[in-house]
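Only the coordinates and a few stated rules stand behind these numbers; no lab work does. Predicted model only: the values in this text are computed from it and were never measured. For neighbour counting, all protein chains shown are included, and Cβ atoms are generated from backbone atoms with ideal geometry for every residue, glycine included.
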2 protein chains.
Amino acid sequence: MISHTSTHSVSPVIPEEIAGLRMTRQRQEVYRNLIEQRDHPTANEVYMRVKDRLPNISLATVYNCLEALVEHGIIRQVNFERESSRYCPNLTEHGHFHDAVTGIIHDVDFKPGFNLADLVELPPGAVIDDIEITLRGKVTSA
Amino acid sequence: MISHTSTHSVSPVIPEEIAGLRMTRQRQEVYRNLIEQRDHPTANEVYMRVKDRLPNISLATVYNCLEALVEHGIIRQVNFERESSRYCPNLTEHGHFHDAVTGIIHDVDFKPGFNLADLVELPPGAVIDDIEITLRGKVTSA
DNA sequence: ATGAGAATAAGAATCATTCTTGCTTTTGAT
DNA sequence: ATCAAAAGCAAGAATGATTCTTATTCTCAT
C-alpha cells in the first residue's frame, strides 16, 4: 500500500473555471501555488515558484493572474505596511499575526461571537463592510 | 473683547525639542500642520500645505521630517492598502475607520476592557506587540 | 475554418519613497 | 566670539513595486 507523508505529494487539480473566471494554464499554476504552499507570497515569489512549471511566464502575467483571482474573490490580497502585496487563499474572515522574529505570517481566526462593533467607538451611524486586523509580535516557544 | 470661533485661530507654539528631537523650523511646521488639521494627510499633502509658511521646503525634507517625527514616537505613520502613507498625531492606541463614500478616515478608540487576545485564535505562545485595526464602511447619516 | 474578444509576454512608464550630493545651519567645545 | 564637527536641508537622481502598452497568441462561438 502507498502512504503519503506529505499532504501535497500530488498537485491538486484546478477546475477549468472558478467563480466565473476561466482558469487558464497561468492562472491555474498561480492559484495552485497559493493553495499548495499556504504561506503569503508576494507576486515576485509566486513568479519565481511558478517558473518551474511555466518557464515562459512573465511577472506581468503573474500580476494579471493575481489581480483576476482577487477580483473574482478566489484569493485575497493583503498588505503589510508598505511592503509588497501578499496573496492569501484563505477566504474565511481572519486576521494576520506577523512574527517579528521569523517573518512568518500566521492567519488568525476570529473566535465565535467576535463582533468588532462592540469593541471600538465607531463614528455614529457607521456600518462596517470590511475588517482588517494585523498583529505583530513574537512567538515564545518556551 | 476678542472671541475665538476656531480652535485653531492661533497656531500652537511648538517647543524647541520634543522627545529628544530638535525641532527645526521645518519639523515644527510639519508637526504643527498635523496637529492643527487632525486629518490623515499624505507626505505630499503636508508638503502642499506647509509651503504657505515655508515656500522653499522640499518634498524630500517633508519626508525626512515625517520620518524623524515617527522615529521619535511623536506622530504615527499609517498605511491603508497600497496607498501613500498617511500620518497621524494621535498617539493613543486606536484603529481607523475608512469611510468608503467620503474617503474620510476616522480614528476609532478601543472601548475599555478591549483585549484582542481574547477575540482571536493566536498561535500558541504568541505575544502581541502591536495591533493594527482598519475598518472600511459607510456612515449613514439617517 | 474564422473572426472577435480574451490572455499573454516583454518591456516601457508611473509613482511613492529613498538616496546622494553639495551647501547651510547649529552645536559644543575652546 | 570662533571654529570644527555634526546635523539638517534642497534638489534631483535612483529605486522598486506595480501598472500600462503593444504586439502576438489563444479560445470559443459561429
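Can you work out the Karplus-derived ³J(HN,Hα) for every residue in segment A:76-90? Use 6.51 cos²θ - 1.76 cosθ + 1.60 with θ = phi - 60°, whole Hz, and x for glycine or proline.
With coefficients 6.51, -1.76 and 1.60, one gets 10, 9, 10, 10, 10, 6, 9, 6, 3, 4, 10, 10, 9, x, 7 Hz.
Counting each DSSP H run of 4 or more residues in chain A as -39500 (n - 2.57), what helix-only mean residue ellipticity at 222 nm follows after dividing by all residues, to the nearest 500 deg cm²/dmol? Don't skip to the end; give the middle numbers.
Working: 3 runs with 33 residues, N = 142.
Calculated at 222 nm, the ellipticity per residue is -7000 deg cm²/dmol.
DSSP H helices in chain A with Cα extent of 15 Å or more along the helix axis and mean Kyte-Doolittle hydropathy at least 1.0? Intermediate results must be reported in sequence, preceding the final value.
Details: long enough: A:25-36 (16 Å, -1.65); A:59-71 (18 Å, 1.03).
Going by DSSP H runs, the hits are A:59-71.
Quote the charge dipole size of the protein assembly as shown about the Cα centre in Debye, to the nearest 20; the model charges only the Cβ of Lys and Arg (+1) and of Asp and Glu (-1).
Details: 28 positive and 40 negative charges, 147 e Å.
With Lys and Arg at +1 and Asp and Glu at -1, about 700 debye.
Scan segment B:57-142 for trypsin sites (Lys or Arg not before Pro) in coil per DSSP, keeping those whose Cβ has at most 14 other Cβ atoms within 10 Å, and list them by number.
Numbers: sites: B:R76, B:R82, B:R86, B:R136, B:K138; in loops: B:R82.
For trypsin sites (Lys or Arg not before Pro) across segment B:57-142 that sit outside H, G, I, E and B with at most 14 neighbouring Cβ atoms in 10 Å, the list reads B:R82.
List the relative contact order of chain B as a percent without decimals, with contacts defined as Cα pairs under 8 Å and 6+ residues apart. Please report the intermediate quantities before stating the final value.
Values: 157 pairs, mean separation 26.2, N = 142.
Relative contact order of chain B: 18 percent.
Cα-based Rg of segment B:1-105 per 2.2 N^0.38 Å, rounded to two decimals?
Numbers: Rg = 14.4 Å, N = 105, 2.2 N^0.38 = 12.9 Å.
My calculation over the Cα atoms of segment B:1-105 gives 1.11.
For segment B:94-137, what's the relative contact order in percent, using C-alpha pairs closer than 8 Å and at least 6 residues apart?
Details: 42 pairs, mean separation 23.7, N = 44.
Once divided by the residue count of segment B:94-137, the mean separation gives 54 percent.
How would you rank A:30-42, A:118-130, highest first, on the average number of other Cβ atoms within 10 Å across their residues? Write down the numbers at each step before the final one.
Working: A:30-42: 19.1, A:118-130: 14.0.
The peptides rank, most packed first, as A:30-42, A:118-130.
Find, among the residues of chain A, the one whose Cβ sits nearest the axis of the rotation taking A to B; state the distance in whole Å.
A:I133, 3
Choose one of B:T42, B:V108, B:H96: the residue whose Cα lies farthest towards the positive end of the charge dipole of chain B (beta-carbon charges +1 Lys, Arg; -1 Asp, Glu; about the Cα centre).
Value: B:T42.
Using a 10 Å cut-off around each Cβ of peptide B:82-91, what is the average number of partner chain Cβ atoms that fall inside?
On the way: counts 6, 2, 1, 2, 0, 0, 0, 0, 0, 0.
Going residue by residue through B:82-91 and averaging, the value is 1.
Between copies, how far apart are the B:G113 label points? List them in nm, one decimal, shortest first, with each point 7 Å from Cα toward Cβ, please?
In nanometres, ordered from closest: 1.2.
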